[in-house]
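Trainee: I am attaching a structure below and will ask some questions about it afterwards.
The values are calculated or read from the model by the stated rules, or taken from the named source; none is laboratory data. These numbers were taken from a predicted model, which means no experiment stands behind them. Cβ placement follows ideal geometry from the backbone for every residue including glycine, while neighbour counts extend to all protein chains displayed.
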Amino acid sequence: MFWNDLKHIREGSPLVHNITNFVVMNLTANALLAVGASPVMAHAAEEVEEMAGLASALVINIGTLSGPWVDAMFLAGRAARRKGIPIILDPVGAGATAYRTDTALRMLAEIPPAILRGNASEIRALARHEGGTRGVDAAHAVESVLDDAKDLSRRHGCVVTVSGPTDLIVHGDRILRVHNGSPLMARVTGMGCTATAITGAFAAVNPDAFRAAAGAMALMGTAGEMAAARAGGPGSFPAAFLDALAGIREEDVLGRVRVEG
Amino acid sequence: MFWNDLKHIREGSPLVHNITNFVVMNLTANALLAVGASPVMAHAAEEVEEMAGLASALVINIGTLSGPWVDAMFLAGRAARRKGIPIILDPVGAGATAYRTDTALRMLAEIPPAILRGNASEIRALARHEGGTRGVDAAHAVESVLDDAKDLSRRHGCVVTVSGPTDLIVHGDRILRVHNGSPLMARVTGMGCTATAITGAFAAVNPDAFRAAAGAMALMGTAGEMAAARAGGPGSFPAAFLDALAGIREEDVLGRVRVEG
Amino acid sequence: MFWNDLKHIREGSPLVHNITNFVVMNLTANALLAVGASPVMAHAAEEVEEMAGLASALVINIGTLSGPWVDAMFLAGRAARRKGIPIILDPVGAGATAYRTDTALRMLAEIPPAILRGNASEIRALARHEGGTRGVDAAHAVESVLDDAKDLSRRHGCVVTVSGPTDLIVHGDRILRVHNGSPLMARVTGMGCTATAITGAFAAVNPDAFRAAAGAMALMGTAGEMAAARAGGPGSFPAAFLDALAGIREEDVLGRVRVEG
């Protein structure tokens, strides 16, 4: 289902502008390169509007947020909306601290993303304006937040991706489930952020945000399975995952993708 | 000796709040995940007190310090002390510049850590308030700073870990030596910082800071030996090390840990 | 050709002070360790002059620049010039935004580097004061910017390295081409920044900046070929590359280096 989009990414090499966190910058830049996109990281107020103006998608990730970075995210977000490119928002740790929840809610309101991608705890916290996710963990089951995802999708007019053992992709009443993936993916830092970045690459080439979000998660899960078959543990997983992303062929996908809905 | 603590980390998945440096964030987050802990990186003044309030240990690492980060470290440190969770301090580069030495000394005085972990040059610089460690290298032999470590331990009431080919763990007159490890560990950036982060995970589950510090270094050294047997060089070492941390079983440890004292 | 310099780096372990970007800090620190140098990352105004004063070379990389970092780069740059150690400048993304082009041009004028290393698009943008490189990609062919490189070299009295499938090293009318390398190197983030960092290590031991720049690129390309022969894709490439850098022997180099000019 994602093959055409991946082909377009590989052929067009869309520029994806990331304002993301320190932990995952290297991994997500490499993941974007591996799928064929062209990543750029830029966060200075002096240039984020110009950079967003060059890009085909803007990925905002609040994983290690601070005042100046949040300001730049809003500047870039407004530039992205003026230009009409999709914003993909990753509300890392929403619910853990008021600062994260409030910042993410403010972004949903003021620079509404095309796609919001989080884990179950983050989506639940944003839908209910509540705390308690205990850091960046996904303490809640994906299915238990389906109604929260629907609420957020309707309220903000965006696609909501809830990632977990099964990924939910929700747009109003449209629901899709991706059953691909590997338990190893939860044992490596930044795999959620990587899903968000790759969602940015898909949204850069596919104007249908629902299909872009679903395709990105199906590719993540498929490459994750391929990598898990080769990795000796969470340490060797990221390299195997990037190799899989870069090398995946149409025949690797056939019969492997398990999407429902 | 560290098996029970590791089991408790794997079962309880304690949240470890890190305010650390840009170079090692990804590696230390993955190392904490690999031992079973739950890492979070957060450094904004707006949220560090709240985040420290959710955590079971606070790791402070001054490897790429700057004004706003140091301010946040103090805020988080005071919150950690109010809550009664252990602080683990890594004074990266103390002795190289006055800014690093002064900042680390101020932390020892104002937000005294349960455990201070550094290399011989850093420990010596802090004990003698002197410079000359030439960056983040360990130019001095571990045993030559035993008295410095004792001084610091007594002065600040903390456990002092001096890492090197043999690690020293010192609490007043109690001394323990860990002889495990591999020379490859000194050829990879961030292995010291990783030791500090893992010390945080051990301190989160073991109120005896001396045993926590020793257990963390014994696990580091044991996993380091297992990884060195599989790695083709310093480049492939980190992945092998994380795989070893994640996969280590009780039988891997038996007869392998060489602790003295 | 680079063997003697590499031997001197391995024996002397020169301290290389890096003020670089968040994406590549870990990789470039590990690359410097792998060649035998001693990396330090420090960017606070409070310490960069003191740190540069301890170092044998200063590497400035504007990949994720912002106001306070740029200020620190100038402070460190002036300290490096006072001390007489070489500055190596990587103008990441020059041409993509005015902020990057202007900052790099200001650095060329006020803290002239011994060596400027960029891709073709960056070198072209700096020579012509123009935009349009579309992020950090190298959209232009290396040979097409030979005159731009000569112009920049004459104007600023520095060596200019243009990296690409073939690397150009230019100093006024002296030109050297390095034909080593692997296409995989363009599919991994930070290989250009790594070339810059390693150029810093070579410049730290070789006062002839032209030969230092050429040796660094020849080592990069040679290690890149060795790594490509072992890597399963861009994901497993960085570890293989660092292993190659660390393990390379004189016999690996003989008959392999393809330098022309």
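Trainee: I'd like the full set of residues that are part of a helix (DSSP H, G or I) and farther than 20 Å from A:V188 by Cα, limited to region B:227-256. It would help to see each step written out before you state the result.
Mentor: In the first step, residues of region B:227-256 are kept if they are part of a helix (DSSP H, G or I); the result is B:227-228, B:237-247, B:250-253.
Result: B:A228, B:E250, B:E251, B:D252, B:V253.
Trainee: Look at region C:208-226 and say how many of its residues are more than 10 Å from C:M185 (Cβ to Cβ), away from every other protein chain (no Cβ under 14 Å) and surrounded by fewer than 24 Cβ atoms within 10 Å (Cβ to Cβ).
Mentor: Total satisfying the criteria: 5.
Trainee: While we're here: Tell me which of these A:G118 doesn't satisfy, since it passes every other one: (1) within 18 Å of B:V40 (Cα to Cα); (2) within 14 Å of chain B (Cβ to nearest Cβ).
Mentor: (2)
Trainee: Just checking, which of A:D102, A:D167, A:D173, A:D147 is closer than 29 Å to B:A52 by Cα and acidic (D, E)? Give the steps one after another, and end with the answer.
Mentor: Values: A:D167 fails: closer than 29 Å to B:A52 by Cα; A:D173 fails: closer than 29 Å to B:A52 by Cα; A:D147 fails: closer than 29 Å to B:A52 by Cα.
Residue meeting the stated conditions: A:D102.
Trainee: Might you let me know whether region B:233-248 holds any residue that is within 13 Å of B:W3 (Cβ to Cβ) and either at pLDDT 95 or above or more than 14 Å from chain C (Cβ to nearest Cβ) (or both)?
Mentor: At the first step, the residues of region B:233-248 found to be within 13 Å of B:W3 (Cβ to Cβ) are B:248.
Among the residues that remain, those that are also either at pLDDT 95 or above or more than 14 Å from chain C (Cβ to nearest Cβ) (or both) are: B:248.
Yes.
Trainee: Next question. Restricting the search to region B:182-226, which residues are more than 11 Å from the chain's Cα centre (by Cα) and among the hydroxyl-bearing types (S, T, Y)?
Mentor: Just the residues of region B:182-226 that are more than 11 Å from the chain's Cα centre (by Cα), to begin with: B:182-189, B:204-211, B:215, B:218-219, B:221-226.
Those that are more than 11 Å from the chain's Cα centre (by Cα) and among the hydroxyl-bearing types (S, T, Y): B:S182, B:T189, B:T222.
Conditions (1) at pLDDT below 95; (2) under 16 Å from the mean Cα position of the chain (by Cα); (3) buried (at least 23 other Cβ atoms within 10 Å of the Cβ), marked per residue:
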| site | (1), (2), (3) |
| --- | --- |
| B:E11 | no, no, no |
| B:N18 | no, yes, yes |
| B:M25 | no, yes, yes |
| B:A29 | no, yes, yes |
| B:M41 | no, yes, yes |
| B:V48 | no, no, yes |
| B:G53 | no, no, no |
| B:L58 | no, yes, yes |
| B:N61 | no, yes, yes |
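Trainee: Run down B:T189, B:T194 and say which single residue is at pLDDT 95 or above and closer than 15 Å to A:G235 by Cα.
Mentor: B:T194
Trainee: Tell me, please, whether a residue that is out of contact with any Asp or Glu (no Cβ under 7 Å at 6 or more places or on another chain), farther than 23 Å from B:A120 by Cα and either within 14 Å of chain C (Cβ to nearest Cβ) or without any contact (Cβ under 8 Å) to a residue 40 or more places away in the chain (or both) can be found in region B:253-261.
Mentor: Checking region B:253-261: at least one residue is out of contact with any Asp or Glu (no Cβ under 7 Å at 6 or more places or on another chain), farther than 23 Å from B:A120 by Cα and either within 14 Å of chain C (Cβ to nearest Cβ) or without any contact (Cβ under 8 Å) to a residue 40 or more places away in the chain (or both).
Trainee: Pairs needed: first member in region B:213-229, within 10 Å of B:D5 (Cβ to Cβ); second member anywhere, part of a helix (DSSP H, G or I); C-beta distance under 7 Å; at least 6 residues apart or different chains.
Mentor: These pairs meet every condition: B:G215/B:D5; B:G215/B:F202; B:A216/B:A195; B:A216/B:I198; B:A216/B:T199; B:A216/B:F202; B:L219/B:L6; B:L219/B:I198.
Trainee: Which of the numbered conditions does A:V259 fail, given that it passes all the others? Conditions: (1) buried (at least 18 other Cβ atoms within 10 Å of the Cβ); (2) more than 30 Å from A:L108 (Cα to Cα).
Mentor: (2)
Trainee: Moving to a separate point now. Quick one: is A:V92 within 30 Å of A:A127 (Cβ to Cβ), more than 10 Å from chain C (Cβ to nearest Cβ) and touching a Gly at 6+ places or on another chain (Cβ under 8 Å)?
Mentor: Against the criterion (within 30 Å of A:A127 (Cβ to Cβ), more than 10 Å from chain C (Cβ to nearest Cβ) and touching a Gly at 6+ places or on another chain (Cβ under 8 Å)), A:V92 qualifies.
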